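Below: one structure, written as structure tokens.
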Amino acid sequence: MEDCLAKKMEITVSEAEKRTGRNAMNMQETYTAYLIETRAVETQSEGQCAPVDSLWRRYSEFELLRNYLSVTYPHIVVPPLPEKRADFVWHKLSADNMDPDFVERRRIGLENFLLRVASHPVLCQDKIFYSFLTQEAGWKEMVNETGFQLKADSRLKALNATFRVKNPDKRFTELKHYSDELQSVISHLLRVRARVADRLYGVYKVHGNYGRVFSEWSAIEKEMGDGLQSAGHHMDVYAASIDDILEEEEHYADQLKEYLFYAEALRAVCRKHELMQYDLEMAAQDLTTKKQQCEELATGTVRTFSLKGMTSKLFGQETPEQREAKLKVLEEQIQEGEEQLKSKNLESRDFVKSAWADIERFKEQKNHDLKEALISYAVMQISMCKKGIQVWTNAKECFSKM
């Protein structure tokens, strides 16, 4: 971790800007661009202030980067991007992806994505990622020249491979089930949180009504007026604080959403392993079939029914020269098949070793992050309850002085 990019470079997504331009279909569109700023850390330690490099990126470019990383490093749980459009929001918040509050939360999420990648022991060393941070012009062409899209298309087979794999790895099967359950639990938690936020908003706004009523009441009371006015003021301040609290609530929700999307990243690793296992089993099956054909051709006996065997009976046996030529071809194919199977076995072992090491790294990160998020949420709830107690304590004092 000492060599990771995050130790050598400060990375921030400092601002978002609404822009208008033309898309690939030459149609006008409105989009948001994000300013990425980077600064080398090394020169700062020498007492010098390193210059800041900056460039603008669209969300679609972040998507392209992540797609490239997912395809190039299939054994890695690639950090997810923040949502493109708001989901799991309570009804008081806008789901518009151009809403300033949503854009601001997405800006924070994009910065977090870059820091996750820059802190990863493998991803941080990728040249395309470094170019994403430092080279604005020509970056897309550089990504496309890697040919990663061709590799991405072959992954589609993985979607059905799970139903055909004969000997799936139990660890990856359990991991896939875990990721499904994790996604389900966090989705439910986010829905509950949205309902809690909605009720919280209602409670605070009701206190605003208390403030208005006490203020109106104070206007018709001489002896009680000052006490009622003061109590109403405390209620108004309490009601107005809901906006800051809900902003904290949304930050907590975004932390949960990151791991909601991480669940899909885990499944992507599982699907890649299933595809590799399927290819390995098909190669082994093909090699076994060719060895059987070679044995049948060499001994002249056919163990299984085949159209080829019926043809031989109807039209006569092959000449020794023909049989010898076919045997030679089959032996060459068997040799190639054995080399291919050996290569696939080695590739599979390397994949499992690398993937499981990264999964263990991810688990440690997840446990730490979710623990911190839940503690922060509990602290926030305690703080809100204390504020409520303090408001009513102040109101009690106001009433006592009447």
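Provide Phe399, Phe62, Phe214 ordered by accessible surface of protein heavy atoms (probe 1.4 Å), highest first.
Phe399, Phe214, Phe62
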Other-chain or far-sequence residues with amide H under 5 Å of Met9's (modelled H): Val41
Lysines with Cα under 18 Å of Lys140, excluding same-chain neighbours fewer than 8 positions away: Lys127, Lys151
Cβ-based net charge around Arg22, under 15 Å, with every Lys or Arg adding one and every Asp or Glu removing one: +1
Spatial separation of Cα centroids for the stretch 197-212 and the stretch 228-292, in angstrom: 32
List Trp56, Trp392, ordered by accessible area with a 1.4 Å probe, largest first: Trp392, Trp56
Folded to 0 to 90 degrees: helix 170-218 orientation relative to the chain principal axis, Cα: 10
Gaussian network model of the chain, Cα within-10 Å springs - most flexible of Cys270, Cys124, Cys385: Cys385
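Under the 0.36 nm per residue contour assumption, what length would be gained going from the current alpha-carbon distance of Val237 and Lys326 to full extension?
Fully extending the segment from Val237 to Lys326 adds 23.0 nm.
On alpha carbon coordinates alone, what is the Rg over Rh value for the chain, Rh being the Kirkwood radius? Before the final figure, lay out the partial values.
On the way: Rg = 31.6 Å, Rh = 26.7 Å.
Dividing the radius of gyration by the Kirkwood radius yields 1.18.
With every protein chain kept in place and ligands, DNA and RNA left out, what is the accessible area per residue of the chain? Probe 1.4 Å, answer in Å².
Details: 23800 Å² over 402 residues.
For the chain, the solvent-accessible area averages 59 Å² per residue.
In the stretch 186-296, what is the volume of the convex hull around the alpha carbon atoms, normalised per residue and reported in Å³?
Numbers: hull volume 7.5 nm³, N = 111.
In the stretch 186-296, the Cα hull volume divided by residue count equals 68 Å³.
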Area of Ile375 that stays accessible when all protein chains are in place (1.4 Å probe, Å², to 10): 80
Partner lysines for Lys371 [C-alpha distance under 30 Å; skip if fewer than 8 residues away on the same chain]: Lys7, Lys8, Lys84, Lys92, Lys170, Lys176, Lys257, Lys272, Lys353, Lys363, Lys386, Lys387
Check: the chain dipole with +1 on Lys, Arg Cβ and -1 on Asp, Glu Cβ, in debye: 1260
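From the helices alone, meaning DSSP H stretches of at least four residues, give me the mean residue ellipticity at 222 nm for the chain, per-run term -39500 (n - 2.57), in deg cm²/dmol to the nearest 500. List each step's numbers first, then the result.
On the way: 12 runs with 277 residues, N = 402.
The helix contribution divided over the chain gives -24000 deg cm²/dmol.
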Cβ-defined net charge surrounding Gln229, 13 Å radius [Lys, Arg +1; Asp, Glu -1]: -2
Two-site label geometry, Ser14 and Arg58: point separation in nm, points 7 Å out along Cα→Cβ: 2.4
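Report, to the nearest whole %, how much of the accessible area of the chain belongs to carbon and sulfur atoms, 1.4 Å probe, protein only. Intermediate results must be reported in sequence, preceding the final value.
Details: 12540 of 23800 Å².
Using a 1.4 Å probe with all protein chains present, the chain comes out at 53 percent carbon and sulfur.
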Net charge of Cβ neighbours under 15 Å - reference Phe399; Lys, Arg +1; Asp, Glu -1: -2
Candidate lysines for bridging to Lys222, where Cα separation is under 27 Å - those fewer than 8 sequence places away on the same chain excluded: Lys396, Lys401
Tilt relative to the chain, helix 320-400 - C-alpha long axis, 0 to 90 degrees, to 10: 10
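Rank Glu15, Glu37 by accessible area, highest first, at a 1.4 Å probe radius? Provide the component values of the computation, followed by the final result.
On the way: Glu15 85, Glu37 55 Å².
Listed by decreasing accessible area, they come as Glu15, Glu37.
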Nearest 10 degrees, 0 to 90: helix 100-119 Cα axis against the chain principal axis: 50
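The values are calculated or read from the model by the stated rules, or taken from the named source; none is laboratory data. None of the values given here were measured: they were computed from a predicted structure. Please note: Cβ atoms are built from the backbone with ideal geometry, for glycine as well, and neighbour counts cover all protein chains shown. In case anyone asks, the SASA skips ligands and DNA or RNA and just uses the protein heavy atoms, side chains included. Shrake-Rupley method; radii C 1.70, N 1.55, O 1.52, S 1.80 Å.
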